[in-house]
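Visitor: This is the structure, below, for whatever I ask next.
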Amino acid sequence: MTESIRVLTYNIRKGKGASGREAVPMSALGEAMRAHPIDLVLCQEVFHCSRTGASQSGHLAEALGFDSYYGANKFREIGHHGNTTLTRLRVQHFENHDISTNAVERRGALYVRVQLGKTPLHVFNVHLGLNQWQRATQVRQVADIMQRFCTNDEPVLLAGDFNDWHKKLDKVIVGELGFHNAFAGRHAHAVKTWHAKRPVFSLDRIYVRHLKPQRAERLSGEPWSLLSDHLPLWAELSVA
């Protein structure tokens, strides 16, 4: 028997839209996402306001009808932001891991284990740093976390905003850790996700291990070109 799952990863830029100066309601994001079949959503740069208590995680979960699991990474007086994983599936365990390499640029890896039929699926939602040394260090940290939770034969999903426009991390993620890029073999332009209005860099990724990509698509055009500076990636994955 083969189980399948539909996954979307998306840096939502704290709901500030493509320009960074807007206020995009999570209901609009949810409506755009619901136009595609999804079981699991991985978001980065999700904001929670300390003054009002409002959380983009909660509002997006309500819009989708999913449960949300959030890990705060960057704290400021007005609130904090981090990664959120949302799903309709049963979650067995989740925890956030600080993979920051300095006190200023805070980064995290949110781990969620979901039940996919009779199979546990290990999900890592990441947002990596802006320079190559940071990213390489952070991938090694994520690999160490994986060793704690994942056996060698269990399916693993590693996705998010890698900020890795030169694909330097593939040497470790694909070559050493045994992952497969769900968009491997696609034309270079078809995987560019930033800037949403005119994509020039491939910053976002969906990597899989013991999962088989059935379909993979970068979502583009309106409304995606207006909702964030990133474009989302969507994939349907199966595990035997």
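Visitor: For the chain, what is the mean residue ellipticity at 222 nm derived from helices alone (per DSSP H run of n ≥ 4: -39500 (n - 2.57); sum divided by total residues; nearest 500 deg cm²/dmol)?
Guide: For the chain, the value works out to -5000 deg cm²/dmol.
Visitor: Round to a whole number: what % of the accessible area of segment 1-138 belongs to carbon and sulfur, probe 1.4 Å?
Guide: 48 percent
Visitor: Ratio of Rg to Rh for the chain, alpha carbon only, Kirkwood?
Guide: Taking Rh as the inverse mean 1/r over Cα pairs, Rg/Rh reads 0.93.
Visitor: Where in the chain is the longest stretch that carries no GluC sites (Glu not before Pro) classed as loop by DSSP and with at most 15 other Cβ atoms within 10 Å?
Guide: Result, exposed sites excluded: 106-175.
Visitor: Please give me, ordered by residue number, the trypsin sites (Lys or Arg not before Pro) of segment 1-54 that lie in loop per DSSP and have at most 14 other Cβ atoms within 10 Å.
Guide: When the trypsin sites (Lys or Arg not before Pro) of segment 1-54 are filtered for loop state and at most 14 Cβ neighbours within 10 Å, Arg21, Arg51 remain.
Visitor: Solvent-accessible area of Val104, probe 1.4 Å, all protein chains present, reported in Å² to the nearest ten, please.
Guide: Ignoring ligands and nucleic acids, Val104 comes out at about 110 Å².
Visitor: Quantify how much of the Cα-Cα distance distribution of segment 97-206 extends past 20 Å, in percent.
Guide: Tail fraction, whole percent: 42.
Visitor: With the Cα gyration tensor of segment 2-117 giving a ≥ b ≥ c as the square roots of its eigenvalues, does the rule (a/c under 1.5 for rounded; else a/b larger than b/c for prolate; else oblate) give rounded, prolate or oblate?
Guide: In terms of gyration-tensor shape, oblate.
Visitor: What accessible area, in Å² to the nearest ten, does a 1.4 Å probe give for Thr119?
Guide: 40 Å²
Visitor: Further, regarding this structure: Lys pairs in the chain, Cα-Cα under 18 Å, at least 8 apart or on separate chains: how many?
Guide: Close lysine pairs found across the chain: 7.
Visitor: Roughly how many Å² is the accessible area per residue of the chain, as a whole number, for a 1.4 Å probe?
Guide: 45 Å²
The values are calculated or read from the model by the stated rules, or taken from the named source; none is laboratory data. Computed from a prediction, not measured in an experiment: that's the story for all the values here. Positions of Cβ are generated from backbone atoms using ideal geometry, with glycine treated the same way; all protein chains shown enter the neighbour counts. Heavy atoms of the whole protein, side chains included, go into the accessibility calculation; ligands, DNA and RNA do not. Shrake-Rupley method; radii C 1.70, N 1.55, O 1.52, S 1.80 Å.
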